[in-house]
Structures are given as structure tokens and as C-alpha cells.
1. For the range 41-120, what is the convex hull volume of its Cα atoms per residue in Å³?
2. If one puts a single equal scatterer on every Cα of the chain and applies the Debye formula without solvent, what log₁₀ I(q)/I(0) results at q = 0.19 Å⁻¹?
3. Under 15 Å from the Cβ of Lys68, count the other residues' Cβ atoms, weight Lys and Arg +1, Asp and Glu -1, and hand me the total.
4. Magnitude of the Cβ-charge dipole of the chain, K/R +1 and D/E -1, about the Cα centre, nearest 20 debye?
5. Got a sec? Charge dipole of the range 3-146, +1 on Cβ for Lys and Arg, -1 for Asp and Glu; which of Pro100, Val42, Tyr133 is way out at the positive end?
6. Over the range 3-146, what is the relative contact order in whole percent, taking alpha-carbon pairs under 8 Å and six or more residues apart?
7. All other residues with a Cβ under 15 Å from the Cβ of Tyr109 taken together, and with Lys, Arg as +1 and Asp, Glu as -1, what is their net charge?
8. Considering the chain as a Gaussian network with a 10 Å cut-off on Cα pairs, which listed residue, Lys75, Lys98, Lys115, attains the greatest mean-square fluctuation?
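Coordinate-derived values only; no laboratory data. Small disclaimer: the values here were computed from a predicted structure and weren't measured. Please note: Cβ atoms are built from the backbone with ideal geometry, for glycine as well, and neighbour counts cover all protein chains shown.
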Amino acid sequence: MKEIELHNQWLVKAPVEDVFRMMTDFEKFPERFPKVAESIQVKKREGNYLEMDAIVRSFGKKFPVQMKTHILPGKGFISDNDSIKFGTSGHEEMLLSKSPEGTLIDYTYRVSIHKAWLRVVATPLIRWYSMKYWEKAVINELRKALEK
């Protein structure tokens, strides 16, 4: 099955520590980023490893996602996500690094669409729409909250 790789980088004019704190406080995602998360519940926590059940929003729909996430202290997170209802699985990496202007966010999401009929319809939409939507719904909100 062919994966779709989505990738982008953004600059947020705020310290890495502040960006890290907001982007790894998953339980507050629905409050901070309501356009992408309706709810996130941590089911298991072992050090920097989390298993979470989420209701996410995408393409005007809500669907459940199971997340297995490793927090990389001060550097971001890596997460393997499955949505049985939507028929996708993905590997997500949100990595942070210091920049002279603030924090560089390097975001990659590799998604596999398991349903053949959905792959035909969703692949062009995902490639065109996903990173633009993520920037609007998450990155721009992050900038509003952190940039002075």
C-alpha cells in the first residue's frame, strides 16, 4: 500500500520550550486547537510514552483515532495513529529546533489509506488540503498564543 507523505516547516517566533509545552499538552488540544481535535483522552502513560483515544476533525467530519505517542523531551513527538472508522493509519513526527527567530517546526505525516475506493478520492485532497489546513488550524493558533 502506497503511503502519502505530507511535510512542511513553519517558524514560530517563540522559545522552543513554550512551543514544546503547548504541542505536547495533548489533553488541552481540544481547547487550543478545536478545528482539529474534539477530544483527547490519555488512556496510558509510562514516562514519555502515551496511548490516547482522540476524536479528531478533518474534511468536515469527526472520527476516532487511537494514538501511540512518544514525547521527545524538548524536541517534539512521534506518534503512530490509527483510525479504523476512517480507514487510515499514519506515522506523525513533529520535531522542534531552535532558530535565531524562535522555533522551527518540522512536521511530517505519512498516511496509509486502507480502503481502495477512499484512496482514489482522498489522495488528491489529502495532498492538496492537509498541510494548508494544519497551518491554519494549529500553527496559526500557536502563533497567536505564543508570539508577542
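1. It is 111 Å³ per residue.
2. -1.25
3. Residues near Lys68 contribute -3 overall.
4. The calculation lands at about 480 debye.
5. Working it through, the farthest residue towards the positive pole turns out to be Tyr133.
6. Worked out over the range 3-146, it gives 29 percent.
7. -3
8. Lys115
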